Structure formats: structure tokens, C-alpha cells
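I have placed the structure first, in the form of C-alpha cells, so that the comments after it can refer back to it.
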Amino acid sequence: DLHIHTVSTKRDKPFAFSIEKLKGYVIQEKVDLIAITNHNLFDAQQFSDITNALPIKVFPGIEVDIEGGHLIVITDPSDIDDFTEKCAKVYRLNETSEDSYISEAQFMEIFNDLGKYILIPHYEKEPKLPLERVPQISPYIKCGEACSAKKFIYMQSRSEKLVPVLFSDWRVEEKAQFPLGRQTYIDIDDVNMMSLKYALTD
């Protein structure tokens with residue numbers, strides 16, 4: 001499940017994060033890997049706390065408001081120091097932007113080595129990120145997020161569509177229900193960044 005929210009930002013209704021709820025979710029639903037992808041924000045200390053509390057792998061990520069759509073950016077945990085600095089720049093830009101999103105040029109200036117990330121746009125999901133709006137980024141995008149199982153199947157049946165993925169987009173709070181059936185099964189032997197990137201091209 002590579003799309004989980006743990007910090008309430010201006011893009012969310014206020015919620016109070018629960019680490020026990022997140023732990024219960026990954027154990028009950030047998031999730032092998034999650035990514036923490038808050039809106040325009042990466043909290044390194046909270047990420048460390050979550051990583052230490054969970055019995056599974058956790059990848060650092062961010063959901064960026066870019067060119068009117070949303071783009072998830074995920075990196076390897078070994079890249080966390082550089083990623084934290086880059087995400088701080090995204091936060092500052094989005095906080096000061098009149099349009100509440102950054103341009104492709106601004107994104108490229110921050111994340112200048114796109115090959116080391118997994119990039120997942122809202123594709124069959126609002127707010128969509130049309131790939132023609134991000135021509136420099138689009139060659140690095142191999143999969144796209146669907147909003148439902150029905151949209152996932154639709155994307156899977158169309159050769160011109162990106163590889164479909166379906167995630168929870170869950171705000172982890174104590175009163176929230178577990179997001180059942182909103183994960184993507186990926187057939188890999190070892191859960192690591194390289195295997196994941198390769199699988200998401202197929």
C-alpha cells in the first residue's frame with residue numbers, strides 16, 4: 001500500500017494519527033510494504049517512529065501537488081536525508097504558491113535525478129495529472145493510480161494505459177475503518193526498491 005497519510009495538512013480534513021491503528025492494519029491485512037505519502041510534506045522524525053514500530057518495510061514518500069494534479073514520489077529508505085531536504089523545498093513552494101501547486105520546472109529543479117524514484121500520478125483518479133502537462137517527467141512514469149477496482153481493470157485492459165495500481169489513500173486515525181481491498185499485489189521475491197521499480201513496469 002504505497003499511498004498512506006499520517007499527517008493532517010491543509011489538503012486534509014483534520015485527523016489525529018494513530019500508530020496502533022496503522023500497526024493493526026498491516027498485521028490484519030498482511031501488507032508487506034507501505035509508503036508514507038503526506039501532501040507536500042515529509043516528516044522524517046515521524047517516519048522514523050513508524051519504521052521502528054512496524055514489523056514490515058516502510059518507504060519514504062510524498063504526494064506532490066503539481067500542474068493541477070497529484071504525483072506520488074517514493075524513494076529508498078537509504079536516501080532519506082537527501083529526500084527530507086527536497087521535500088522541505090516542496091513544502092515551502094506549495095505553502096507560498098497562489099495556485100496551491102508547483103510547476104513541472106520547479107519539481108524538476110528539486111528532484112533532479114528522477115531515475116532513482118518511483119513516480120505514481122493520479123491517473124484514473126481525481127485530481128488527475130495529465131502526462132502531457134509534465135513532458136519531462138512522464139518518461140519516468142510507468143504506473144498510474146486508479147480510484148477503484150473497476151478503474152484498475154479498465155486500465156489493465158487498455159494497452160495504451162499505464163500499469164495500474166490501487167492503494168488505500170488512507171488517513172490513519174483511531175476511528176477510521178481499515179481500507180479493505182485497496183492494496184496491489186506485486187509478485188516479487190524480495191521487497192526492495194529495485195524489485196518494486198522493475199515489477200511496476202510490467
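General remarks:
- Leading residue by the ranking (surrounded by the fewest Cβ atoms within 10 Å (Cβ to Cβ)) among those in segment 156-172 that are over 29 Å from SER8 (Cβ atoms) and touching a strand residue (DSSP E or B) at 6+ places or on another chain (Cβ under 6 Å): GLN156
A quick yes/no check of all residues on (1) modelled with pLDDT under 95; (2) of a type in the set (Val, Ile, Thr); (3) surrounded by 14 or more Cβ atoms within 10 Å (Cβ to Cβ):
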position: ARG11; (1), (2), (3): yes, no, yes
position: PHE15; (1), (2), (3): yes, no, yes
position: TYR25; (1), (2), (3): no, no, yes
position: GLN28; (1), (2), (3): no, no, no
position: LEU33; (1), (2), (3): no, no, yes
position: GLN45; (1), (2), (3): no, no, no
position: ILE74; (1), (2), (3): no, yes, yes
position: THR84; (1), (2), (3): no, yes, yes
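Conditions tested, residue by residue: (1) buried (at least 16 other Cβ atoms within 10 Å of the Cβ); (2) touching a residue at least 12 places away in the same chain (Cβ under 8 Å); (3) more than 16 Å from the chain's Cα centre (by Cα).
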position	(1), (2), (3)
GLU109	no, no, yes
PRO127	no, yes, no
ARG133	yes, yes, yes
GLN136	no, yes, yes
TYR154	no, yes, yes
PRO179	yes, yes, no
LYS197	yes, yes, no
LEU200	yes, yes, no
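- Any helices (runs of 4 or more DSSP H) falling wholly within segment 30-134 and containing at least 1 residues that are of a type in the set (Val, Ile, Thr) and in contact with a Pro (Cβ under 7 Å, 6 or more places away or on another chain): 80-96
- Between GLU95, GLU63, GLU67, the distinction of being open to solvent by 20 Å² or more (accessible area, probe 1.4 Å), in contact with a Lys or Arg (Cβ under 9 Å, 6 or more places away or on another chain) and under 16 Å from LYS10 (Cα atoms) belongs to GLU95 only.
- Number of positions in segment 7-24 that are among the basic types (Lys, Arg) and within 20 Å of TYR91 (Cα to Cα): 3
- Residues of segment 129-170 classified as among the charged types (D, E, K, R) and closer than 13 Å to ARG182 by Cβ, total: 4
- No other residue among GLN177, GLN156 is over 15 Å from ILE66 (Cα atoms), part of a helix (DSSP H, G or I) and not small (Gly, Ala, Ser) apart from GLN156.
- Output for segment 55-79, where each listed residue is without any contact (Cβ under 8 Å) to a residue 60 or more places away in the chain and over 17 Å from VAL191 (Cβ atoms): ILE62, VAL64, ASP65, HIS70, VAL73
The values are calculated or read from the model by the stated rules, or taken from the named source; none is laboratory data. None of these values were measured; they are calculated from a predicted model. A quick note on method: Cβ atoms are made from the backbone with ideal geometry, for glycine too, and the neighbour counts reach across all protein chains shown. Ligands, DNA and RNA are stripped out before the accessible areas are found, and what is left, the full protein with its side chains, is counted by its heavy atoms. Shrake-Rupley method; radii C 1.70, N 1.55, O 1.52, S 1.80 Å.
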